[in-house]
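The structure appears below as structure tokens.
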Amino acid sequence: MKLYISEGNPHCIKALAVLELTGVKCDIEVISHEEKVVPHLSRPVSPVLLLPSGQHLFSPNSICQYLYDVSGQALTDATRQWLEWEATNLQPAVLQSLHMVALQGKRVEAAAVMKEPLNWLEQSLSKRSTAFLTAEVMSVADVVLWAALFPLLSDTSLKPADDECVMSVEEVEAAAQVWADGLRARSAVIERKHPILPQEGKRNVLLTSALPYVNNVPHLGNIIGCVLSADVFARYGRLRGWNLLFVCGTDEYGTATENKAREEGLTPQEICDKYHTIHASIYQWFQIDFDFFGRTTTERQTEIAQDIFWRLHERGFLLEDTVEQLRCESCQRFLADRFVEGVCPHCHYPEARGDQCDKCGRLINAVELRSPQCKVCKETPVIRSSKHLFLDLPKLEGELEQWLEKSISSGDWTANARHITRSWLRDGLKPRCITRDLRWGTPVPHQDFKEKVFYVWFDAPIGYLSITANYTDQWEKWWKNPQQVELYNFMAKDNVPFHSVVFPCSLLGAQDNYTLVNNLIATEYLNYEDTKFSKSRGVGVFGDMAKDTGIPSDVWRFYLLFLRPEAQDSAFSWADMAIKNNSELLNNLGNFINRAGMFVSKFFDGCVPEMLLNDDDKRLIAQVCWELKQYITLLDKVRIRDALKCILNISRHGNQYMQVNEPWKKIKGGDDDRRRAGTVTGVCVNVACLLSAVLEPYMPTVSHTIRAQLQAPPTCASAQLQGSGSFVCTLAAGHRIGTVSPLFQKLENEQIEALRKRFGGQQPEEECVEAKTQSSSSASVETKPGASQQNLNTDPERVKHLTSLVAEQGDKVRALKAQKVEKSVIVEEVAKLLELKKQLSLAEGKTPEPAAQKGKKK
Amino acid sequence: MMLGNRQPSEAEGNLLQDSGNSKPSLLVSGVIKMALRELSSLERFLGLKKPNKYSTQGGKKVPVLQNNNGPALIGLVTIASHLVHEAKRAELLGDSAEQRAVVQQWIEHRITRLDNCSKEEVKVILKELNQYLEDKVYLAGNIFTLADILMYYGIHHIVVELAILEKERYLNVTRWFDHIQHYPGIRHHLPPVVVLRNRVYPSGHH
């Protein structure tokens, strides 16, 4: 007997769980998703159980049934009924829901799909008197249902819509009890003492964000892609009491720097100095709280890079090979790909670059260019062969795969990081050249390669180590200490292979007990309005311009984090930024916190009133507590954007509670009413204090302003974020608060419109800023030509016409779906519908919503 | 075979109560009728004396059997299997663990894939079933089981529509189908489908 399973297939969980539980002896074979085991089925399926008789069971439930049956437990009416329900009701909902989560990132919709089956199950369970679904012992029904739900319920972010969060009396009472305990006996604020070093018995977290390439000013996409995301997590970790070190710095070596130096008439060193300062000041404005922000052009970089090089060399992980390259005799140097231009060998475009043709998009090997020209002196370069060193990735592949399997299964790797890594491995690794014929770089110490430097991809990640070494001499306690240290790397997705495959291979090959990445957090891309950021076209907001907009740094942080491209690309939009500021920050969050404080000042002389909790108050406390726990669960998993929603939910609950209880009316009533107004105000101001705590990673200035206004004790943030989170009464009755003032300002339409024009770009299509691999750039790869110019005047006739077309097409799609027509037909019609909708919103003068991306592109 | 020469059973009169919405759509009521008729035919095949009363539940109109001895039974498979036990014909569910699993698998196949499948899907299902039946008399091999009964009921409306050419293309399905419709006491509420014993089209044409 043999069980065939395939990786990542949720159905296989059932079969494996039952096999384990029943102890039936059976071989297991892992097959690929394309492999067909059952002869008569036209599509490959798994799991499949090959029975002793030679028959195949291809239904997961029948496999489970069989395994239970042979171990003496045949189906009963009750178990059969659950299996039938699972197959006809639960399973279709689970599949649809998983599809929505994994491929479309639609968490809310996915949760909605599960509502009906989960309610049914909940009802059945609540009526039951037995410990398990059908009896006092576990049956096949329990395992099958558990396994069906496992992939969804283990994803903690999938929760029912907020208003439907049902809490038991016990939960409410427990939350009220914790609240009443107050701040006593809770941890003190830990001060940061540099140098931060790993400590025994602590959670030691080393956090890096991709090193921004020095020669450009970072744009909003770069900022959200690495430093800002990492900063939120770093601040959160510190609040949680982790022993955490956050390092970053500018990546300074390479062709692009030499290029820029030539453009600006400076030396590469001067360019680096100039831009390093620009970067540092931008991040400071964005309140990125690095423990150390260094750079790669240092002595320590040379030492460490050369040490790793020699270790790789001694252990036989480097190969030598000759490479044909273009050399410009008049400039006396080998030409890097972007220093040469010529005629594309494929499409004959005359201005193809040395690495790629802009016209046909094909990748080019510089020596294949026809009539090549040195970009600097316009002379014709000659082909010369040059000896280079290669890192022998194929030789390290086995070790890498072993390590990856462990790291990915035990740590948090975002889905895109896992996919990209897997696809690199699937295509097989090839030796990678680590040397370059350049001057601006870390010199290769080997005698035979004197004139060469290390290629940036080899050199730059070593920057993490050397920057730490510049921070503390004891850097090895962080970087050669995988037993004690947990490493998080933050980056945009274009950087994944260098952090998951190439750099780990360097470190594994060097065999020096290096700390390798445990958690790899990669974002998708952020677009600008409906195009991409482009320095040369002046499109988009770049780091140094953000402060000139007059919009506070915290609001920028909030909006970028709100948009954080976690599961799919997202787009920055001015109009949306104004909406989010005015609705979420001003009306929801700011309004609640301000009113809570104002009531204390106005009605109770600035002293927190006495609180006598009734059931409504306790329920609110339990709700808030539930959101807080959710916030912690999500942030522990680095789900930064989702956790931000929990904050907004807390203040939404607070607003509702205030609206229902109307303390401003009750204060004018009799004694009972006034006491009630006091309780409600007291609870609200404590919720406001909790908000200041959970806001700290996201909006540090606002968080501190709230705390200052409330005169809250300094421990209130860290105390409430310990463990799984506890919402406690931090401002006890009698506590005196300070002066309360509004936290946010409205963003007016005119102001936003002016900003939109200012950053919209003047010149038409031109060359775009390139997403350089090591630059941690988050610029999108795609542009829709001319999309930004389509700002037509609103034409009511056209709008009307398009509206009716959209409605018509919508009906058609629904009808086709109802008839279960072939998928390709539906997809085609849906595409038409989306196009019409886009035209409609353009005609209405709105920015069209970016179409949700289905499927994963590579 | 006689055509349409059947008196409605007394059971059928009680069958079509719908305790759910008062006005089911035409399509849905067709499905209910189908499921409930099926159960009634099965009862008669099993020789159960006293016909049961059924209702339906939810938007999908799943059949429900109120059971005097315990909680209500929900779902076609659950009820059908229950009836088989009641009639003491457990062998119809398979007489070994292997057969029981295979029978269950085909019944599940019927309710999850065959019911409500699209036109395109029908072709795939027929093709697969045809290949599966190449070396088998019945779905569970050499014995007649509940899988044959329920698959026959479920696939009838598809086979009825097949052109002669298609029937020949899915030769094994047609053979199996013909076999089941002639099995004593099975067909009941369904009209017989004409199956030609001689090929009209030369074989190997597709």
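The values are calculated or read from the model by the stated rules, or taken from the named source; none is laboratory data. All figures in this text were calculated on a predicted structure; none of them were measured in a lab. When we count neighbours, we look across all protein chains shown, and the Cβ atoms used for this are built from the backbone with ideal geometry, even at glycine.
Applying the selection to segment B:94-122, what residues are more than 10 Å from chain A (Cβ to nearest Cβ), more than 15 Å from the chain's Cα centre (by Cα) and more than 19 Å from residue A:74 (Cβ to Cβ)?
Result: B:122, single match.
Might you check whether a residue that is at pLDDT 80 or above and surrounded by fewer than 17 Cβ atoms within 10 Å (Cβ to Cβ) occurs anywhere in segment B:11-23?
Among the residues of segment B:11-23, not one is at pLDDT 80 or above and surrounded by fewer than 17 Cβ atoms within 10 Å (Cβ to Cβ), which makes the answer no.
Take the residues in segment A:551-594 that are of a type in the set (Lys, Arg) and surrounded by 21 or more Cβ atoms within 10 Å (Cβ to Cβ); name whichever of them is farthest from the chain's Cα centre (by Cα).
The qualifying residue farthest from the chain's Cα centre (by Cα) is A:557.
Would you be able to tell me the number of residues in segment B:127-146 that are surrounded by fewer than 20 Cβ atoms within 10 Å (Cβ to Cβ), in a helix (DSSP H, G or I) and more than 9 Å from chain A (Cβ to nearest Cβ)?
1
If we keep just the residues of segment B:78-93 that are free of Cβ contacts under 8 Å to residues at least 60 places away in the same chain and crowded, with 22+ Cβ neighbours inside 10 Å, which is nearest to the other protein chains (Cβ to nearest Cβ)?
Per the criteria, the residue is B:78.
Under 6 Å by Cβ, and 6 or more places apart or on different chains, what pairs join a residue from segment B:177-193 that is within 20 Å of residue B:84 (Cβ to Cβ) with one that is small (Gly, Ala, Ser)?
B:188/B:41; B:189/B:41
Looking at segment A:556-570, which of its residues are at pLDDT 90 or above, out of contact with any Leu (no Cβ under 7 Å at 6 or more places or on another chain) and of a type in the set (A, V, I, L, M, F, W, C)?
A:556 - this is the single residue of segment A:556-570 that is at pLDDT 90 or above, out of contact with any Leu (no Cβ under 7 Å at 6 or more places or on another chain) and of a type in the set (A, V, I, L, M, F, W, C).
Just to be sure, is residue B:43 more than 11 Å from every other protein chain (Cβ to nearest Cβ) and either surrounded by 14 or more Cβ atoms within 10 Å (Cβ to Cβ) or among the acidic types (Asp, Glu) (or both)?
So residue B:43 fits the description; yes.
Tell me yes or no: at least one residue of segment A:34-43 is within 11 Å of chain B (Cβ to nearest Cβ) and touching a residue at least 24 places away in the same chain (Cβ under 8 Å).
Among the residues of segment A:34-43, not one is within 11 Å of chain B (Cβ to nearest Cβ) and touching a residue at least 24 places away in the same chain (Cβ under 8 Å), which makes the answer no.
With (1) assigned to a helix (DSSP H, G or I); (2) under 21 Å from residue B:45 (Cα atoms) as the list, and residue B:193 as the residue in question, which single condition is left unmet?
Result: residue B:193 passes all but (1).
Collect the residues in segment B:50-77 that are in contact with a Gly (Cβ under 9 Å, 6 or more places away or on another chain), at positive phi and within 11 Å of chain A (Cβ to nearest Cβ), keeping them in residue-number order.
B:58
Among the residues of segment A:352-366, what is the count of those that are in contact with a strand residue (DSSP E or B) (Cβ under 6 Å, 6 or more places away or on another chain) and surrounded by fewer than 17 Cβ atoms within 10 Å (Cβ to Cβ)?
The qualifying residues number 2.
Considering only segment A:49-91, how many residues are assigned to a helix (DSSP H, G or I), more than 7 Å from chain B (Cβ to nearest Cβ) and of a type outside the set (Phe, Trp, Tyr)?
11
Does residue B:55 meet the test of being touching a Lys or Arg at 6+ places or on another chain (Cβ under 7 Å), modelled with pLDDT of 80 or more and either assigned to a loop (DSSP other than H, G, I, E, B) or of a type in the set (Gly, Ala, Ser) (or both)?
no
Among the residues in segment A:682-691, are any modelled with pLDDT of 95 or more, under 27 Å from residue A:202 (Cα atoms) and touching a His at 6+ places or on another chain (Cβ under 9 Å)?
The answer is no, given that none of the residues of segment A:682-691 is modelled with pLDDT of 95 or more, under 27 Å from residue A:202 (Cα atoms) and touching a His at 6+ places or on another chain (Cβ under 9 Å).
Kindly indicate whether residue A:719 is in a helix (DSSP H, G or I), within 32 Å of the chain's Cα centre (by Cα) and buried (at least 19 other Cβ atoms within 10 Å of the Cβ).
Criteria met by residue A:719.
With segment A:317-381 as the region, which strands (runs of 3 or more DSSP E) entirely inside it contain at least 1 residues that are touching a helix residue (DSSP H, G or I) at 6+ places or on another chain (Cβ under 6 Å) and at pLDDT 85 or above?
A:318-328, A:340-343
What number of residues in segment A:2-37 are part of a loop (DSSP other than H, G, I, E, B), under 24 Å from residue B:129 (Cα atoms) and either basic (Lys, Arg) or modelled with pLDDT of 90 or more (or both)?
Count: 1.
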